[in-house]
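S.K.: Once you've had a glance at the structure underneath, I'll fire off some questions.
The values are calculated or read from the model by the stated rules, or taken from the named source; none is laboratory data. Here the structure is a predicted model, which means the values were calculated and not measured. As a convention, Cβ positions derive from the backbone with ideal geometry for all residues, glycine included, and neighbour counts pool all protein chains shown. These area figures cover heavy atoms from the full protein model, side chains too; ligands, DNA and RNA do not enter into them. Shrake-Rupley method; radii C 1.70, N 1.55, O 1.52, S 1.80 Å.
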Amino acid sequence: MADSVDKLSYFQAVTGLDDADLCTEILQAHGWDLELAISTFTSTSDHRGAASSSDGGNNHDHGGAVFADDSMTPDYTESRGIVDDTELVMRDGDGGGGNRGPGVAWRIITLPISIVSGSLGLVSGAIGLGIWAAGGVLSYSFGMLGFRSGRGGGASDSSSARLVSVSSAAREAMEFVALFDRDFGSHNAFKIDFVSEGFMDALQRSRSSFKLLFVYLHSPDHPDTPGFCDGTLCSEAVVAFVNENFVSWGGSIRSSEGFKMSNSLKASRFPFCAVVMPAANQRIALLQQVEGPQSPEEMLAILQRVVEDSSPTLVTARVEAEERRTNLRLREEQDAAYQAALEADQARERQRQEEEERLEREAAEAERKLKEEEEARERAEREAAEREAARVRMRQEKALALKDEPEKGPDVTQVLVRFPNGERKGRRFESETKIQTLYDYVDSLGVLDTEEYSLITNFPRTVYGRDKESMSLKEAGLHPQASLFIEIN
């Protein structure tokens, strides 16, 4: 099903018919043979166009050629008919006015699909490339003389170049160039620069370089061929003029593409040369054909006349193309400037947003820290209050635990405690009182803010630490009196 759809799309692109049902009926009538259907349709259209041109009497004399339109272009549309590819449209001599085209004979030739597809590297069954071929090559609208660039032309040129490298048409062209160099280039100082690519690609090259295409069909077995090649095609004047003003393509009639081109150009006599240019779709405009041997002077005169008559249109096409390139470059520069300005604006906007986000983050971080500090302060105050309350309770408990101070007596010890702040506190205790009670007494006073301290004597220095809390005052040598100092641990 997909193959039929591709064939239908390709057939519509080549023939220009919009009626899908009609195209389907035509293809079905030809057993879906795409090449046969196109060939039949083209042949039918050509004869219809020729009859219409003959009966309608609408041809105009342009001084050197009769055109099927009032303009100088050979780009005949389907609606006005296609000039029969067997009929050479010559000057009728009625003296009509209007713009002067090339003073040479014109003929519109519809190339067979095998030449078009062969040059694009298409093979039988690869109809999937049909849409690309129709859109990228066959559907070029060449403008004034077939030189207006199509939409997306750059991509098509690139794709075509990639396919040509493996096409049979290119191999045949390279074989012809090698054969011509072997037979005539080795003993001649000058030779024409024939391109090593298929006919359609050579035609595309001529379109891109705004030159005409010089075509030489080589008949190796013809008796006039050696003399014509050595004497005319390799003459210094002809070679210099052709290489400067034309893109040159040659093919042997023994090769597939050379044989098909000889049939398309109706070559009846050899040596055969022609000057052509692109027309619409797969058609070409034949500007001049030279059959039979010609002297270098005759060949040069013919080619000079063709170039002279065609040069105004070629120059116009080149100028228009340059204007299009200039406009495209200006648009690209404008687009680039706009894109740069847009990117700068976007960068500034991103910077502004990033700055706002940074300030928001900093404000949130500052608020978070402030809140944490406040919570820590409240927690510390709460813990300090709790500790203070605990100390007060402890002092009260320890004060209540102390016995009443005894009166002086032999079993009573007088104790004096000196605090780090210089404050002194004294009290009497029973001599059998434990050192633990001395610590409880100091704690109950509430002078110290810590419980990490030791009771010591200076002379001699003795530390009565927590490890001696179970000793009595008498056992510790503090009876009958003792002077103790507080040492913060």
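S.K.: Tell me, in nm to one decimal, what length is gained between E383 and E35 on full extension, where the rule is 0.36 nm per residue of separation less the Cα-Cα distance? Can you show the working numbers first?
M.R.: Details: separation 348, 0.36 × 348 = 125.28 nm, distance 9.92 nm.
Result for the pair: 115.4 nm of gain on full extension.
S.K.: So, R0 is 51 Å and r is the distance between the beta-carbons of E360 and V447; what FRET efficiency does that work out to, to 0.05? Don't skip to the end; give the middle numbers.
M.R.: Details: r = 52 Å, r/R0 = 1.03.
Computed FRET efficiency for E360 and V447: 0.45.
S.K.: Still on this structure: Return the carbon/sulfur percentage of the accessible area of the range 168-332, one whole number, probe 1.4 Å, all protein chains in place. Don't skip to the end; give the middle numbers.
M.R.: On the way: 3540 of 6830 Å².
The value for the range 168-332 is 52 percent carbon and sulfur by accessible area.
S.K.: Multiplying the sequence separation of Y338 and K474 by 0.36 nm and subtracting their Cα-Cα distance, what value in nm do you get? Kindly include the intermediate steps, with their values, before the conclusion.
M.R.: Values: separation 136, 0.36 × 136 = 48.96 nm, distance 10.16 nm.
Length gained, Y338 through K474: 38.8 nm.
S.K.: From Cα coordinates alone, what are the radius of gyration and Dmax values for the range 412-488 in angstrom?
M.R.: In Å, with Rg to one decimal and Dmax whole: 11.2, 29.
S.K.: While we're looking at this one, here's another question. Give me the aspartates and glutamates in straight-line cross-link reach of K425: C-alpha distance below 14 Å, same-chain residues under 8 apart excluded.
M.R.: E405, D440, D443
S.K.: Shifting gears a bit: Net charge near F270, counting Lys/Arg +1 and Asp/Glu -1 over other residues with Cβ under 13 Å of its Cβ?
M.R.: On the way: positive: R254, K266, R269; negative: D221, D224, E291.
Around F270, the charge tally is 0.
S.K.: Remind me, what semi-axes does the range 168-332 give for its equivalent ellipsoid, largest first in whole Å, using sqrt of 5 times each Cα gyration tensor eigenvalue? Provide the component values of the computation, followed by the final result.
M.R.: Working: eigenvalues 158, 62, 46 Å².
Square roots of five times the eigenvalues give 28, 18, 15 Å.
S.K.: Rounded to the nearest 0.05, what FRET efficiency is calculated for R368 and A399 with R0 set to 41 Å and r the Cβ-Cβ distance?
M.R.: On the way: r = 46 Å, r/R0 = 1.11.
So the FRET efficiency works out to roughly 0.35.
S.K.: When you have a sec, figure out the Kirkwood radius of the range 1-41 from all distinct Cα pair distances and drop it here in Å to one decimal?
M.R.: Working: mean 1/r = 0.1025 Å⁻¹.
With all distinct Cα pairs of the range 1-41 included, I get 9.8 Å.
S.K.: In square angstrom, what is the accessible area per residue of the range 1-41 with a 1.4 angstrom probe? Let's see the in-between values first.
M.R.: Working: 2200 Å² over 41 residues.
On a per-residue basis, 54 Å².
S.K.: Next up: For R391, R358, R379, what's the largest-to-smallest order of accessible area, 1.4 Å probe?
M.R.: Numbers: R391 55, R358 85, R379 105 Å².
Ranking R391, R358, R379 by accessible area, largest first, yields R379, R358, R391.
S.K.: Before I look further, what does the range 276-421 give for accessible area per residue, probe 1.4 Å, in whole square angstrom?
M.R.: Values: 10010 Å² over 146 residues.
Ligands and nucleic acids excluded, the figure is 69 Å² per residue.
S.K.: Moving on. Accessible surface of S255 in the full protein assembly, 1.4 angstrom probe, to the nearest 10 Å²?
M.R.: Surface open to solvent at S255 totals about 30 Å².
S.K.: Still on this structure, I have one more. Would you list, by chain and number, the lysines whose Cα falls below 28 Å from the Cα of K266, excluding same-chain residues fewer than 8 positions away?
M.R.: Of all the lysines, those that pass the test against K266 - Cα under 28 Å, at least 8 places apart if same chain - are K191, K211.
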